[in-house]
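The values are calculated or read from the model by the stated rules, or taken from the named source; none is laboratory data. Keep in mind that this is a model prediction, so the values were computed, not measured. Neighbour counts run over all protein chains shown; Cβ positions are idealised from the backbone, glycine included. The protein model used for the area step is the full one, side chains on, heavy atoms only, and it has no ligands, DNA or RNA in it. Shrake-Rupley method; radii C 1.70, N 1.55, O 1.52, S 1.80 Å.
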Amino acid sequence: MENDFFVDSDKLSEKALEKKHRLENDPFSRTDHMAYMEGMEQISPEIREKVLSQMESYDYSKYTAVDVRRALQNDRCSVEDFKALLSPAAEPFLEEMAEKAKRETSKHFGNTVYLFTPLYIANYCENYCIYCGFNCYNDINRKRLSADEIRKEMKIIADSGIEEILMLTGESPVKSDVKYIGEACKMAKEYFRNVGLEIYPVNSEDYRYLHECGADYVTVFQETYDSDKYETLHLMGHKRVFPYRFEAQERALMGGMRGVGFSALLGLADFRKDALASALHVYYLQRKYPQGEFSLSCPRLRPIINNDKINPLDVHERQLCQVLCAYRIFLPYVGITVSSREEKSFRDGIAKIAATKISAGVSTGIGDHEEKYTGESEEDTGDEQFEIADGRSFDQMYQDMESEGLQPVLNDYIYV
């Protein structure tokens, strides 16, 4: 069974609707997803080739209980051990995996959990990614925050006590150009200790500029590492270029960013292969850039405006837990983020096992933090990217983490 991603809007012109249907139904109407567009920086494909080679040859059906037991007994988790832990053969060992993951988390992170919140500053997008609420053919209320509106949102968030922010935009270099994002970074540094970005991929010189403006780290979702599946999901726009997106984190490190985050969106393709590729992407880059900080997310598909039937298919909470535990065992020093896409009960549980970072006080809409945080209604807002499952406030999240025996951390950096 597959998700039905295609939804037509009656607000599209006949010409736009014709183009949309042509993109959906005729592969020859789409550009080559492996070809760089003009102006895109090209770097060595070595890491991409290593990751994709391992993913394509991964046959998880061949692993047995013997392989899983061996992986759990080894002091160091090899790539082969990691493959066994991601396989169906490991599902009966989930409790043992969780116990080992918890020991690794405690060893390297103690009982801390970092809290942050996202701030969407624009939702204009020029891509047609068929599963995303921001896609250019979806009928939603679009908005780009002005400088004054950004400052207002930041002050509301900062006044709540949050010290780390992740700023996001839709993927529109026209509506949200690098200078616009840079100015938002400068403002963010006035209110927050740590500033992250989740924006469209850019060249290393642009990442350098954004770092100089105040950005500390960059997160990029590859969505899926299956390039053939990727082609059928990203039908138009800069995001269609698979290799340029894959290499975004390396360009960010080349541009001086302190840290980089990685993720596949589970439910789009074979989640076991995507999980393997995500972790190997980190694994190989860690060795090339040992000075960088690396983190992994593990989001699942969620419903969007105008399509409430989208779901992560065969990736249930048990499978998600398996992936997160395998990540922790394989990459014990890496931060693991679990977003508000997941239910409260799951996030509370996984924070005690493998996750080290959790979002709080979340809104995926544009300009609506005053309403979310104070209850005061705002008229001019932009629609959300996806539906969240855990809407707890920062205060409630902080209290809940403490009640679970965890130590909430708002900032662990001192700048001199």
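For the stretch 309-416, the strands (runs of 3 or more DSSP E) that sit wholly inside it and include 2 or more residues that are closer than 30 Å to Asn123 by Cα are 335-338, 357-359.
Filtered by the rule that a residue be without any contact (Cβ under 8 Å) to a residue 12 or more places away in the chain and open to solvent by less than 90 Å² (accessible area, probe 1.4 Å), the stretch 22-33 gives Asp26, Ser29. Selection of the stretch 60-115 for residues being under 26 Å from the mean Cα position of the chain (by Cα), among the small types (Gly, Ala, Ser) and buried (at least 19 other Cβ atoms within 10 Å of the Cβ) yields Ala84, Ser87, Ala90, Ala98, Ala101.
Picking from Tyr207, Tyr230, Tyr200, which residue would you name as being modelled with pLDDT of 95 or more, open to solvent by 10 Å² or more (accessible area, probe 1.4 Å) and not in a strand (DSSP E or B)?
Going through Tyr207, Tyr230, Tyr200 in turn, just one is modelled with pLDDT of 95 or more, open to solvent by 10 Å² or more (accessible area, probe 1.4 Å) and not in a strand (DSSP E or B): Tyr200.
Residues of the stretch 326-343 that are open to solvent by 10 Å² or more (accessible area, probe 1.4 Å) and either modelled with pLDDT under 95 or within 11 Å of the chain's Cα centre (by Cα) (or both): Thr337, Ser339, Arg341, Glu343.
Select from the stretch 172-181 the residues that are of a type in the set (A, V, I, L, M, F, W, C) and part of a helix (DSSP H, G or I) and write down the one among them that is surrounded by the fewest Cβ atoms within 10 Å (Cβ to Cβ). Across the stretch 172-181, the extreme among qualifying residues is Val178. Checked across the stretch 254-274, the condition of being assigned to a helix (DSSP H, G or I) and of a type in the set (A, V, I, L, M, F, W, C) holds for at least one residue. Restricting attention to the stretch 160-190, the residues that are touching a Cys at 6+ places or on another chain (Cβ under 6 Å) and either under 17 Å from Glu384 (Cβ atoms) or aromatic (Phe, Trp, Tyr) (or both) add up to 3.
Scanning the stretch 264-314 for residues that are closer than 17 Å to Gln54 by Cα and among the hydroxyl-bearing types (Ser, Thr, Tyr) turns up Ser278, Tyr283, Tyr284. Contact map, the stretch 396-416: residues that are touching a residue at least 24 places away in the same chain (Cβ under 8 Å) paired with residues that are open to solvent by 40 Å² or more (accessible area, probe 1.4 Å) and hydroxyl-bearing (Ser, Thr, Tyr), Cβ distance under 9 Å, separation 6+ or inter-chain. Pairs shown: Pro408/Tyr114; Pro408/Tyr398; Val409/Tyr114; Leu410/Tyr114; Leu410/Tyr398; Asn411/Tyr114; Asp412/Tyr114. Tallying residues that are part of a loop (DSSP other than H, G, I, E, B) and in contact (Cβ under 8 Å) with a residue 60 or more places away in the chain within the stretch 182-197 yields 1.
When Thr224 is tested against the conditions (1) in contact (Cβ under 8 Å) with a residue 60 or more places away in the chain; (2) open to solvent by less than 10 Å² (accessible area, probe 1.4 Å); (3) not aliphatic (A, V, I, L, M), the lone failure is (1). In the stretch 307-321, is there at least one residue being out of contact with any helix residue (DSSP H, G or I) (no Cβ under 9 Å at 6 or more places or on another chain), open to solvent by less than 10 Å² (accessible area, probe 1.4 Å) and under 16 Å from Pro118 (Cβ atoms)? No - not one qualifying residue is present in the stretch 307-321.
For every residue, the table says whether it meets (1) in contact with a His (Cβ under 8 Å, 6 or more places away or on another chain); (2) open to solvent by 10 Å² or more (accessible area, probe 1.4 Å); (3) among the charged types (D, E, K, R).
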{"position": "Arg240", "(1), (2), (3)": "yes, no, yes"}
{"position": "Ala248", "(1), (2), (3)": "no, no, no"}
{"position": "Lys273", "(1), (2), (3)": "no, yes, yes"}
{"position": "Leu280", "(1), (2), (3)": "no, no, no"}
{"position": "Tyr283", "(1), (2), (3)": "no, yes, no"}
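Here the stretch 130-149 is the region considered, the condition is being farther than 14 Å from Ile304 by Cα and touching a strand residue (DSSP E or B) at 6+ places or on another chain (Cβ under 8 Å), and the residue that is most open to solvent (accessible area, probe 1.4 Å) is Arg144. What number of residues within the stretch 156-171 satisfy the criterion of being open to solvent by 20 Å² or more (accessible area, probe 1.4 Å) and either of a type outside the set (S, T, N, Q) or more than 18 Å from Thr117 (Cβ to Cβ) (or both)? Count: 6.
Residue count for the stretch 302-338 under the criterion of being basic (Lys, Arg) and closer than 19 Å to Ala71 by Cβ: the result is 2. Annotation: Val7 fulfils all but one of (1) of a type outside the set (D, E, K, R); (2) within 26 Å of Leu301 (Cβ to Cβ); (3) assigned to a helix (DSSP H, G or I); the unmet one is (3).
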